[in-house]
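Here is the structure we will look at.
The values are calculated or read from the model by the stated rules, or taken from the named source; none is laboratory data. Keep in mind the model is a prediction, meaning the values are calculated, not measured. As a convention, Cβ positions derive from the backbone with ideal geometry for all residues, glycine included, and neighbour counts pool all protein chains shown. Please note that ligands, DNA and RNA were not included when accessible areas were found on the heavy atoms of the full protein model with its side chains. Shrake-Rupley method; radii C 1.70, N 1.55, O 1.52, S 1.80 Å.
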Number of protein chains: 2
Amino acid sequence: MGLLVSGKRVSAGGFPPVMAMVSTSDPDEIKQVILLRMDLPMGKGKLVAQGSHASLDAYLDAVSKMPAIARKWHGQGMPKVALKVESEKELVKMFQAAKDYELPCSLITDAGRTQLEPGSKTAAAIGPAKAEIVDRITGQLKLL
Amino acid sequence: MGLLVSGKRVSAGGFPPVMAMVSTSDPDEIKQVILLRMDLPMGKGKLVAQGSHASLDAYLDAVSKMPAIARKWHGQGMPKVALKVESEKELVKMFQAAKDYELPCSLITDAGRTQLEPGSKTAAAIGPAKAEIVDRITGQLKLL
(Lines give C-alpha, C1' and ligand atoms only; values in the text may rest on other atoms or scores of the structure.)
Protein backbone atom coordinates (compact mmCIF):
# COMPACT_ATOMS: atom_id res chain seq x y z
CA MET A 1 0.00 0.00 0.00
CA GLY A 2 2.77 2.38 1.04
CA LEU A 3 4.39 1.96 -2.36
CA LEU A 4 1.36 3.32 -4.11
CA VAL A 5 0.24 6.02 -1.75
CA SER A 6 3.49 6.88 0.03
CA GLY A 7 2.05 5.81 3.36
CA LYS A 8 -0.49 8.62 3.38
CA ARG A 9 -4.16 8.25 4.04
CA VAL A 10 -5.66 9.44 0.81
CA SER A 11 -9.29 9.66 -0.09
CA ALA A 12 -11.39 11.11 -2.84
CA GLY A 13 -14.92 12.44 -2.88
CA GLY A 14 -17.25 9.52 -2.28
CA PHE A 15 -14.45 6.96 -2.02
CA PRO A 16 -13.12 5.55 1.27
CA PRO A 17 -9.56 6.13 2.51
CA VAL A 18 -7.13 3.51 1.25
CA MET A 19 -6.04 2.49 4.77
CA ALA A 20 -9.64 1.64 5.67
CA MET A 21 -10.04 -0.75 2.76
CA VAL A 22 -11.26 -4.29 3.27
CA SER A 23 -10.71 -6.37 0.18
CA THR A 24 -10.60 -10.00 -0.82
CA SER A 25 -8.31 -9.32 -3.82
CA ASP A 26 -4.91 -10.95 -4.10
CA PRO A 27 -2.70 -8.22 -2.57
CA ASP A 28 -0.08 -8.79 -5.27
CA GLU A 29 -2.51 -8.52 -8.18
CA ILE A 30 -1.82 -5.61 -10.51
CA LYS A 31 -4.42 -4.62 -13.07
CA GLN A 32 -5.62 -1.92 -15.38
CA VAL A 33 -9.21 -0.89 -16.01
CA ILE A 34 -10.31 0.87 -19.18
CA LEU A 35 -13.42 3.06 -18.90
CA LEU A 36 -15.55 3.87 -21.91
CA ARG A 37 -18.52 6.20 -22.21
CA MET A 38 -21.76 4.51 -23.20
CA ASP A 39 -23.64 7.77 -23.81
CA LEU A 40 -21.63 8.64 -26.93
CA PRO A 41 -22.30 7.18 -30.38
CA MET A 42 -19.06 5.18 -30.61
CA GLY A 43 -18.92 2.11 -32.82
CA LYS A 44 -16.82 -0.93 -31.94
CA GLY A 45 -13.76 0.34 -33.80
CA LYS A 46 -13.92 3.68 -32.04
CA LEU A 47 -14.25 1.93 -28.66
CA VAL A 48 -11.17 -0.18 -29.42
CA ALA A 49 -9.10 2.78 -30.62
CA GLN A 50 -10.07 5.07 -27.71
CA GLY A 51 -9.67 2.28 -25.17
CA SER A 52 -6.25 1.33 -26.55
CA HIS A 53 -5.21 4.96 -26.42
CA ALA A 54 -6.23 5.23 -22.76
CA SER A 55 -4.53 1.94 -21.91
CA LEU A 56 -1.20 2.91 -23.48
CA ASP A 57 -1.25 6.43 -22.02
CA ALA A 58 -1.88 5.13 -18.50
CA TYR A 59 0.86 2.53 -18.96
CA LEU A 60 3.32 5.28 -19.94
CA ASP A 61 2.22 7.22 -16.85
CA ALA A 62 3.00 4.13 -14.74
CA VAL A 63 6.41 3.67 -16.38
CA SER A 64 7.20 7.24 -15.47
CA LYS A 65 5.78 7.28 -11.93
CA MET A 66 6.10 3.72 -10.66
CA PRO A 67 8.27 1.61 -12.96
CA ALA A 68 8.37 -1.35 -10.54
CA ILE A 69 4.58 -1.66 -10.72
CA ALA A 70 4.67 -1.38 -14.51
CA ARG A 71 7.25 -4.19 -14.68
CA LYS A 72 5.28 -6.37 -12.29
CA TRP A 73 2.12 -5.91 -14.36
CA HIS A 74 4.06 -6.85 -17.47
CA GLY A 75 5.22 -10.02 -15.73
CA GLN A 76 1.63 -10.90 -14.84
CA GLY A 77 0.53 -10.71 -18.49
CA MET A 78 -0.75 -7.12 -18.36
CA PRO A 79 -4.33 -8.00 -17.32
CA LYS A 80 -6.89 -5.39 -18.25
CA VAL A 81 -10.65 -5.13 -18.21
CA ALA A 82 -13.05 -2.78 -19.98
CA LEU A 83 -15.82 -1.12 -17.93
CA LYS A 84 -18.80 1.08 -18.74
CA VAL A 85 -19.42 4.63 -17.60
CA GLU A 86 -22.65 6.40 -18.43
CA SER A 87 -21.60 10.05 -18.70
CA GLU A 88 -18.70 12.46 -18.98
CA LYS A 89 -19.34 13.42 -15.36
CA GLU A 90 -18.88 9.81 -14.21
CA LEU A 91 -15.77 9.37 -16.38
CA VAL A 92 -14.12 12.51 -14.97
CA LYS A 93 -15.12 11.57 -11.40
CA MET A 94 -13.34 8.19 -11.73
CA PHE A 95 -10.28 9.79 -13.32
CA GLN A 96 -10.11 12.43 -10.59
CA ALA A 97 -10.37 9.78 -7.88
CA ALA A 98 -7.46 7.90 -9.48
CA LYS A 99 -5.44 11.13 -9.48
CA ASP A 100 -6.33 11.72 -5.81
CA TYR A 101 -5.13 8.19 -4.99
CA GLU A 102 -1.95 8.97 -6.98
CA LEU A 103 -2.52 6.07 -9.36
CA PRO A 104 -1.24 6.02 -12.94
CA CYS A 105 -4.13 7.10 -15.13
CA SER A 106 -5.16 8.80 -18.35
CA LEU A 107 -8.17 10.69 -19.69
CA ILE A 108 -8.66 10.72 -23.44
CA THR A 109 -10.08 13.66 -25.36
CA ASP A 110 -11.04 12.81 -28.92
CA ALA A 111 -9.63 14.86 -31.77
CA GLY A 112 -13.12 14.72 -33.24
CA ARG A 113 -12.15 13.85 -36.79
CA THR A 114 -14.77 11.09 -36.90
CA GLN A 115 -18.07 10.30 -35.20
CA LEU A 116 -17.77 12.77 -32.28
CA GLU A 117 -17.60 16.47 -31.49
CA PRO A 118 -14.00 17.72 -31.13
CA GLY A 119 -12.96 17.76 -27.50
CA SER A 120 -15.28 14.97 -26.36
CA LYS A 121 -13.86 13.05 -23.40
CA THR A 122 -14.30 9.45 -24.51
CA ALA A 123 -12.30 7.09 -22.32
CA ALA A 124 -9.99 6.76 -19.36
CA ALA A 125 -7.71 4.13 -17.93
CA ILE A 126 -6.63 3.56 -14.34
CA GLY A 127 -3.55 1.47 -13.59
CA PRO A 128 -1.55 -0.63 -13.83
CA ALA A 129 -1.92 -0.45 -10.06
CA LYS A 130 -2.82 -2.71 -7.14
CA ALA A 131 -6.14 -4.33 -7.97
CA GLU A 132 -7.56 -3.74 -4.51
CA ILE A 133 -7.11 0.02 -4.85
CA VAL A 134 -8.38 0.16 -8.43
CA ASP A 135 -11.45 -1.82 -7.33
CA ARG A 136 -12.11 0.64 -4.55
CA ILE A 137 -12.66 3.32 -7.22
CA THR A 138 -14.26 1.36 -10.05
CA GLY A 139 -15.67 -1.74 -8.33
CA GLN A 140 -19.27 -0.61 -8.87
CA LEU A 141 -18.95 -0.26 -12.64
CA LYS A 142 -20.32 -2.89 -15.01
CA LEU A 143 -18.22 -4.86 -17.47
CA LEU A 144 -18.40 -3.59 -21.03
CA MET B 1 12.08 3.40 -45.97
CA GLY B 2 15.60 2.22 -45.26
CA LEU B 3 15.07 2.81 -41.58
CA LEU B 4 12.29 0.29 -41.43
CA VAL B 5 13.56 -2.37 -43.76
CA SER B 6 17.32 -1.83 -43.49
CA GLY B 7 17.50 -1.00 -47.18
CA LYS B 8 16.56 -4.52 -48.18
CA ARG B 9 13.88 -5.47 -50.65
CA VAL B 10 11.52 -7.45 -48.51
CA SER B 11 8.29 -9.03 -49.54
CA ALA B 12 5.78 -11.42 -48.08
CA GLY B 13 3.48 -13.94 -49.71
CA GLY B 14 0.87 -12.00 -51.65
CA PHE B 15 2.31 -8.60 -50.75
CA PRO B 16 4.46 -6.49 -53.08
CA PRO B 17 8.09 -5.62 -52.31
CA VAL B 18 8.43 -2.44 -50.26
CA MET B 19 10.70 -0.77 -52.83
CA ALA B 20 8.03 -1.16 -55.52
CA MET B 21 5.40 0.63 -53.47
CA VAL B 22 3.39 3.51 -54.86
CA SER B 23 1.50 5.31 -52.14
CA THR B 24 -0.24 8.61 -51.65
CA SER B 25 0.29 8.52 -47.86
CA ASP B 26 2.21 11.27 -46.09
CA PRO B 27 5.70 9.75 -46.03
CA ASP B 28 6.20 10.98 -42.45
CA GLU B 29 2.95 9.53 -41.12
CA ILE B 30 3.40 6.86 -38.47
CA LYS B 31 0.45 4.73 -37.45
CA GLN B 32 -0.65 1.55 -35.79
CA VAL B 33 -3.41 -0.78 -36.92
CA ILE B 34 -5.20 -3.13 -34.55
CA LEU B 35 -6.70 -6.27 -36.12
CA LEU B 36 -9.59 -8.11 -34.50
CA ARG B 37 -11.22 -11.39 -35.48
CA MET B 38 -14.87 -11.11 -36.41
CA ASP B 39 -15.44 -14.88 -36.49
CA LEU B 40 -15.11 -15.28 -32.71
CA PRO B 41 -17.89 -14.52 -30.20
CA MET B 42 -16.19 -11.51 -28.61
CA GLY B 43 -18.30 -8.85 -26.95
CA LYS B 44 -17.32 -5.17 -26.98
CA GLY B 45 -15.38 -5.42 -23.71
CA LYS B 46 -13.40 -8.37 -24.98
CA LEU B 47 -12.63 -6.54 -28.24
CA VAL B 48 -11.35 -3.52 -26.27
CA ALA B 49 -9.24 -5.63 -23.90
CA GLN B 50 -7.71 -7.80 -26.65
CA GLY B 51 -7.16 -4.82 -28.93
CA SER B 52 -5.51 -2.82 -26.14
CA HIS B 53 -3.30 -5.78 -25.36
CA ALA B 54 -2.18 -6.04 -28.99
CA SER B 55 -1.62 -2.29 -29.22
CA LEU B 56 0.56 -2.12 -26.12
CA ASP B 57 2.55 -5.24 -27.04
CA ALA B 58 3.34 -3.91 -30.51
CA TYR B 59 4.30 -0.55 -29.02
CA LEU B 60 6.76 -2.28 -26.68
CA ASP B 61 8.14 -4.16 -29.69
CA ALA B 62 8.67 -0.81 -31.42
CA VAL B 63 10.37 0.72 -28.37
CA SER B 64 12.76 -2.21 -28.40
CA LYS B 65 13.40 -2.42 -32.16
CA MET B 66 12.99 1.13 -33.45
CA PRO B 67 12.76 3.64 -30.61
CA ALA B 68 12.95 6.66 -32.94
CA ILE B 69 9.77 5.54 -34.71
CA ALA B 70 8.06 4.92 -31.36
CA ARG B 71 8.97 8.44 -30.22
CA LYS B 72 7.81 9.98 -33.50
CA TRP B 73 4.47 8.19 -33.23
CA HIS B 74 4.09 9.44 -29.68
CA GLY B 75 4.71 12.98 -30.92
CA GLN B 76 2.01 12.56 -33.57
CA GLY B 77 -0.59 11.62 -30.93
CA MET B 78 -0.22 7.83 -31.34
CA PRO B 79 -2.84 7.45 -34.10
CA LYS B 80 -4.37 4.00 -34.30
CA VAL B 81 -7.19 2.39 -36.17
CA ALA B 82 -9.10 -0.86 -35.60
CA LEU B 83 -9.64 -3.19 -38.58
CA LYS B 84 -11.60 -6.40 -39.14
CA VAL B 85 -10.20 -9.79 -40.05
CA GLU B 86 -12.51 -12.71 -40.77
CA SER B 87 -10.47 -15.72 -39.65
CA GLU B 88 -7.45 -16.92 -37.71
CA LYS B 89 -5.80 -17.65 -41.04
CA GLU B 90 -6.19 -14.04 -42.19
CA LEU B 91 -4.98 -12.71 -38.81
CA VAL B 92 -1.84 -14.86 -38.88
CA LYS B 93 -1.19 -14.00 -42.54
CA MET B 94 -1.19 -10.26 -41.72
CA PHE B 95 1.01 -10.78 -38.67
CA GLN B 96 3.47 -12.88 -40.65
CA ALA B 97 3.64 -10.25 -43.40
CA ALA B 98 4.45 -7.62 -40.77
CA LYS B 99 7.22 -9.86 -39.44
CA ASP B 100 8.56 -10.34 -42.97
CA TYR B 101 8.61 -6.56 -43.44
CA GLU B 102 10.41 -6.31 -40.07
CA LEU B 103 7.72 -4.07 -38.61
CA PRO B 104 6.93 -3.92 -34.90
CA CYS B 105 3.94 -6.21 -34.33
CA SER B 106 2.17 -8.48 -31.90
CA LEU B 107 -0.16 -11.48 -32.05
CA ILE B 108 -2.42 -12.08 -29.05
CA THR B 109 -3.40 -15.51 -27.80
CA ASP B 110 -6.24 -15.45 -25.29
CA ALA B 111 -5.79 -17.12 -21.92
CA GLY B 112 -9.31 -18.44 -22.42
CA ARG B 113 -10.64 -17.64 -18.96
CA THR B 114 -13.76 -16.07 -20.45
CA GLN B 115 -15.81 -16.37 -23.63
CA LEU B 116 -13.21 -18.23 -25.75
CA GLU B 117 -11.32 -21.51 -25.97
CA PRO B 118 -7.86 -21.31 -24.36
CA GLY B 119 -5.21 -20.58 -26.98
CA SER B 120 -7.50 -18.74 -29.38
CA LYS B 121 -5.64 -16.14 -31.42
CA THR B 122 -7.85 -13.09 -31.07
CA ALA B 123 -6.04 -9.95 -32.20
CA ALA B 124 -2.88 -8.49 -33.64
CA ALA B 125 -1.33 -5.07 -34.00
CA ILE B 126 1.09 -3.77 -36.62
CA GLY B 127 3.10 -0.65 -35.95
CA PRO B 128 3.79 2.02 -34.97
CA ALA B 129 5.42 2.09 -38.38
CA LYS B 130 5.35 4.15 -41.56
CA ALA B 131 1.73 4.34 -42.67
CA GLU B 132 2.55 3.64 -46.30
CA ILE B 133 4.13 0.30 -45.39
CA VAL B 134 1.39 -0.67 -42.94
CA ASP B 135 -1.20 0.14 -45.60
CA ARG B 136 0.58 -2.10 -48.07
CA ILE B 137 -0.20 -5.04 -45.77
CA THR B 138 -3.61 -4.11 -44.33
CA GLY B 139 -4.99 -1.60 -46.84
CA GLN B 140 -7.65 -4.02 -48.04
CA LEU B 141 -9.16 -4.61 -44.58
CA LYS B 142 -12.37 -2.91 -43.52
CA LEU B 143 -12.68 -0.57 -40.55
CA LEU B 144 -14.11 -2.17 -37.44
Can you find a residue in region A:69-76 that is within 14 Å of chain B (Cβ to nearest Cβ) and β-branched (V, I, T)? no
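Among A:K130, A:K142, which is basic (K, R) and out of contact with any helix residue (DSSP H, G or I) (no Cβ under 9 Å at 6 or more places or on another chain)?
Working: A:K130 fails: out of contact with any helix residue (DSSP H, G or I) (no Cβ under 9 Å at 6 or more places or on another chain).
Matching residue, one of A:K130, A:K142: A:K142.
Just wondering, is there one or more residues in region A:102-118 that are among the charged types (D, E, K, R) and outside any loop (DSSP other than H, G, I, E, B)? Quick ask: steps written out before the conclusion?
Residues of region A:102-118 among the charged types (D, E, K, R): A:102, A:110, A:113, A:117.
Subsequent filtering for residues that are outside any loop (DSSP other than H, G, I, E, B) retains none.
No, every residue in region A:102-118 fails to be among the charged types (D, E, K, R) and outside any loop (DSSP other than H, G, I, E, B).
Scan region A:74-91 for residues that are open to solvent by 20 Å² or more (accessible area, probe 1.4 Å) and either part of a loop (DSSP other than H, G, I, E, B) or closer than 18 Å to A:G139 by Cβ (or both) and jot them down.
We begin by selecting, within region A:74-91, every residue open to solvent by 20 Å² or more (accessible area, probe 1.4 Å); these are A:74-77, A:79-81, A:84, A:86-90.
Answer for region A:74-91, where residues must be open to solvent by 20 Å² or more (accessible area, probe 1.4 Å) and either part of a loop (DSSP other than H, G, I, E, B) or closer than 18 Å to A:G139 by Cβ (or both): A:Q76, A:G77, A:P79, A:K80, A:V81, A:K84, A:E86, A:S87, A:E90.
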For residues in region A:34-58 being outside any helix (DSSP H, G or I) and within 9 Å of chain B (Cβ to nearest Cβ), which is nearest to the chain's Cα centre (by Cα)? A:I34
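So if I check each of A:V48, A:V85, A:V63, which one is under 24 Å from B:A123 (Cα atoms), modelled with pLDDT of 95 or more and among the hydrophobic types (A, V, I, L, M, F, W, C)? First the steps, then the outcome.
On the way: A:V85 fails: under 24 Å from B:A123 (Cα atoms); A:V63 fails: under 24 Å from B:A123 (Cα atoms).
Result: A:V48 is the single residue among A:V48, A:V85, A:V63 that is under 24 Å from B:A123 (Cα atoms), modelled with pLDDT of 95 or more and among the hydrophobic types (A, V, I, L, M, F, W, C).
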Condition (residue is charged (D, E, K, R) and either open to solvent by less than 20 Å² (accessible area, probe 1.4 Å) or more than 14 Å from B:D57 (Cα to Cα) (or both)) applied to region A:42-51: is it met by at least one residue? yes
Output for region B:107-127, where each listed residue is within 12 Å of another protein chain (Cβ to nearest Cβ), surrounded by fewer than 21 Cβ atoms within 10 Å (Cβ to Cβ) and touching a helix residue (DSSP H, G or I) at 6+ places or on another chain (Cβ under 7 Å): B:Q115
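So which residues in region A:61-73 are part of a helix (DSSP H, G or I) and crowded, with 17+ Cβ neighbours inside 10 Å?
Quick first cut of region A:61-73, residues part of a helix (DSSP H, G or I) only: A:61-65, A:67-73.
Of everything in region A:61-73, those that are part of a helix (DSSP H, G or I) and crowded, with 17+ Cβ neighbours inside 10 Å turn out to be A:D61, A:A62, A:I69, A:A70, A:W73.
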